[in-house]
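This report refers to the structure that appears directly beneath it.
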Amino acid sequence: MIANEKLKVRRNTLPSRTMSAPSVNRQQFQKALADWYDTNQRALPWRTQPRLYRTVVSELMAQQTRIATMLPYFERWMIRFPDFESLAQAPEDAVLKHWEGLGYYSRARNLHKLARSYVALETKPGTPEEWQALPGIGPYTAAAISSIAQNYPAAVVDGNVVRILARLEDNRREFSGNAEAVKAFTPNAETLLNPEKPGDHNQAMMELGATICTKHNPLCTVCPVLQHCRSAANDPAELPKIRRKATETVEIDRLWIVCSEKILLHRIPLTATQLAGQYELPRPADLGIQTPTGKPIAQRTRAITHRRIREKIHACKTDNKKLADTLHWIEIKELDAITLSGPHRRWIEELLPKHAQAKV
Ligand code: SF4
C-alpha cells in the first residue's frame, strides 16, 4: 500500500469527532493549541532542520531524559553519525561512547540495531505498526516518528499527554500505573488529534505538557487551552492520579583500587541485559573478597525509577595476580577512551584528586 493510501485508510478509522469531555470543542482546541505552538515552540535542532533520521534519534534520546541534558549529545551524535548509513556502519563501542552519560544504554544499542535494520529494508516503514517492528520502538515512539516525520495521523500518548488530558477532563480516577493511564487516555488523544497536521499537534501537546501544564505548578493563567479545561480551578496539580510504587532502597559496595597511575575496573559482560560492555568500579564479589571494614571514602545515592541506590565506595588494595577476566587495570590517562557508566565517571573524576593512591 502506498503512503497516501495508508493515510486515507487511517483517517477513515479515526474516532468520532465528539470527545468524552463535553467541554472540549475539538476544532477550537486544535486551533488554540496550534496557534500557541506556532509562536511558542522551542527551537530544537530536530525541529529547525527536520529529517526522518533526526526525528528517530531525538525520540530515542528523549526517552527518560530531559531535553536540556540531551541537546549536546544530539549535536555531537549528528556530527559523528549524520544518517542511518553512518550509524549502521559504526562499531558498537563508538556508538556507546557517544551515548556515555545519557544512561539507559539499551536505547543506544537499539538505535544502532534499528539503523542496521532500516538500511537493510527494501520497503521502508511508514506506519506506526511498521515502525514498531524495528528494535527499540514501542507504541509511543512509533506514533511520534510516523506523525512528526511522515505526517501519519497517529496520536502520541506519554506522561505529558496523559497529564493534559486528565486535567482537561478533570478526570479523578486513580490508575494503577502509567500503562493503565496511557491506555485509558489513548482514545481521547486520538479524538483530539488534528489529522491534517498530526506531527505539529503531537509536538504541541508534548510542548504544552513540558512548559505550561507541568507536573507540580501548571501555569493555567497563560495556558492556551484554559477555556477547554475543567480542572483549572480545581487543583489540577493533583492530576493525574497514578499510584506510585513504594520506594525500595538498595545498598551496593564498590571498591576503589588505584595503583601506579592505574585504576582497577570491572567490565560488564557483553551478554548482560543492562550496561553491557561498560566499565564501573568493581564490587567485592568481583574480586571474591569481603567488603572492607572501616569507613568508606565516599557514599553516593541516586534514584532510578522507584529504587534508591546507595553506593559505598571503599579504598582497597589487591595483590591478586590472577584477576577475573572482567577486571581490567586501566591507565588513568586512558579513562577518556573507555565507556564508563555515567555515575561512575563522575565519582572517579571527583575522587581521583584526593585518592590517587588507595589508602587502606
Ligand atoms: S488550564 Fe491549567 S491544568 Fe488545564 S491544561 Fe492548561 S495548564 Fe493544564
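Assigned by TED's automatic domain parsing to the domain that holds K215 and touching a Ser or Thr at 6+ places or on another chain (Cβ under 6 Å): does that describe R163? No; evaluated as a whole, the condition is false for this residue. Inspect all residues belonging to the range 102-115 and state whether any of them is surrounded by 16 or more Cβ atoms within 10 Å (Cβ to Cβ), of a type in the set (A, V, I, L, M, F, W, C), away from the ligand (no atom under 16 Å from the Cβ) and touching a residue at least 60 places away in the same chain (Cβ under 8 Å). Yes: the range 102-115 contains one or more residues that are surrounded by 16 or more Cβ atoms within 10 Å (Cβ to Cβ), of a type in the set (A, V, I, L, M, F, W, C), away from the ligand (no atom under 16 Å from the Cβ) and touching a residue at least 60 places away in the same chain (Cβ under 8 Å). Out of curiosity, is L226 surrounded by 20 or more Cβ atoms within 10 Å (Cβ to Cβ) and not small (G, A, S)? It is false that L226 is surrounded by 20 or more Cβ atoms within 10 Å (Cβ to Cβ) and not small (G, A, S). Only residues that are surrounded by fewer than 18 Cβ atoms within 10 Å (Cβ to Cβ) and under 20 Å from I145 (Cα atoms) were counted in the range 87-101, giving 1. Just one residue in the set T141, T127 is among the β-branched types (V, I, T) and under 19 Å from R47 (Cα atoms); that residue is T141. D286 passes every criterion in (1) part of a helix (DSSP H, G or I); (2) within 9 Å of the ligand (Cβ to nearest atom) apart from (2).
Which residue, of T69, T48, is of a type in the set (S, T, Y) and loosely packed, with under 13 Cβ neighbours inside 10 Å? Unique residue meeting the criteria: T48.
Restricting attention to the range 183-218, the residues that are outside any loop (DSSP other than H, G, I, E, B) and touching a Leu at 6+ places or on another chain (Cβ under 6 Å) add up to 4. Taking the range 169-205 as the range and being more than 15 Å from Q27 (Cβ to Cβ) and aliphatic (A, V, I, L, M) as the test, the residues that pass are A179, A181, V182, A184, A189, M205. Restricting P125, P187 to residues that are modelled with pLDDT of 95 or more, more than 16 Å from the ligand (Cβ to nearest atom) and within 30 Å of V225 (Cβ to Cβ) narrows the list to P187.
Scanning the range 151-167 for residues that are under 22 Å from L52 (Cβ atoms) and either at pLDDT below 95 or polar (S, T, N, Q) (or both) returns N151, D158.
For the range 83-104, does any single residue satisfy the condition of being of a type in the set (K, R), within 24 Å of E280 (Cα to Cα) and at pLDDT below 95? Yes: the range 83-104 contains one or more residues that are of a type in the set (K, R), within 24 Å of E280 (Cα to Cα) and at pLDDT below 95. Of all the listed residues (T247, T214, T221), the sole one being polar (S, T, N, Q) and either outside the structural domain of F29 (by TED's automatic domain parsing) or more than 10 Å from the ligand (Cβ to nearest atom) (or both) is T247.
The values are calculated or read from the model by the stated rules, or taken from the named source; none is laboratory data. For clarity, every value in this text was computed on a predicted model and none was experimentally measured. Neighbour counts run over all protein chains shown; Cβ positions are idealised from the backbone, glycine included.
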